[in-house]
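One structure is given below, encoded as structure tokens.
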Amino acid sequence: MGRIVHRALEREPQDRYANAETMAAELRATLLLDGIETKAQAQALRRLMVLPFRLLRPNQDTEFLAYSLPEAITVSLAGLDNLIVRSSVVASRYSPDSLDLQQIAREAEVDVVLTGALLTVGEQLRITTQLVEVPSGTLVWSHSSKATIRELLELHDDLVRRVVESILPSLTVREHQALQEDRPASPTVYQLYLQANELSRIWENLPAAIAIYERYVTLDASFAPAWAKLGRARWLWDKYNKGSVEGLRSADEAFQTALQSESQFTSGT
């Protein structure tokens, strides 16, 4: 229930529900899942933002990770009830090279941020991440790890787990399932997802992003975030380029598939 409220109150319009009917449908599904025996538990809400990662050395093969990896982590954490997660759109306003923690705390209204630095050495990616309380700058933890591009999904899961264990007292059964199941099917398709996310940030690259998203959903049709991203990319490209009924319809189809995939996951079917 908390996740629904958080999404409805997001600061950025694109992060909220598209309409009241969509929100109402998710509310009904959640109430049916919870059942009449569910007891409400008062817990302090933490407000988190995953900032873009800093590239310590330019590398064309891995530079897409500076934005797309934090964004993917943001999506995974956004489904947790007792965690308010600021969108990657908000996070992208802050340069990883010069972070003003007081400014971030004040403007983004968060109390903890995840930062990171990336360094490519040969085929290996070295990543250092820190979970920091703001505005105090208190270090919750710092972690260094090594991975190849093929191990990005494992790296993603590890960082999500570390964040959750550090700032949330406990998870519901549904939240545990969400973290385990609502994820890309394999490291290969996960890399496609990250690459498409990076391309979709620039208007001229939207057709290339759409092509990769379309390839992704043929390989992993059950991952709702990929369908949602495909719908957004199709909508933007068609609305401001062609304005065709067919193009907007194809965007809507992707959005509807994303909602169906999410609904099936939530209901366990």
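A few notes on this one:
- Qualifying residue in region 203-218 (condition: under 15 Å from residue 63 (Cα atoms), more than 16 Å from the chain's Cα centre (by Cα), surrounded by fewer than 23 Cβ atoms within 10 Å (Cβ to Cβ) and modelled with pLDDT under 95): no
- Of all residues in region 92-100, one or more are among the small types (Gly, Ala, Ser), under 16 Å from the mean Cα position of the chain (by Cα) and at pLDDT below 95.
- When residue 179 is tested against the conditions (1) surrounded by 15 or more Cβ atoms within 10 Å (Cβ to Cβ); (2) among the hydrophobic types (A, V, I, L, M, F, W, C); (3) under 30 Å from residue 81 (Cβ atoms); (4) out of contact with any Gly (no Cβ under 9 Å at 6 or more places or on another chain), the lone failure is (4).
- Condition check for residue 150: surrounded by fewer than 16 Cβ atoms within 10 Å (Cβ to Cβ), in contact (Cβ under 8 Å) with a residue 12 or more places away in the chain and in contact with a Pro (Cβ under 8 Å, 6 or more places away or on another chain): yes
- Exclusive hit being in the same structural domain as residue 54 (by TED's automatic domain parsing) and either under 24 Å from residue 192 (Cα atoms) or buried (at least 20 other Cβ atoms within 10 Å of the Cβ) (or both), set 114, 99, 139: 114
- Residue 228 under 24 Å from residue 70 (Cβ atoms) and either touching a Phe, Trp or Tyr at 6+ places or on another chain (Cβ under 9 Å) or of a type outside the set (Phe, Trp, Tyr) (or both): yes
The values are calculated or read from the model by the stated rules, or taken from the named source; none is laboratory data. A quick note: this is a predicted structure, and the numbers were derived from the prediction, not measured. Cβ coordinates were reconstructed from backbone atoms using ideal geometry, including for glycine residues, and neighbour counts include every protein chain displayed.
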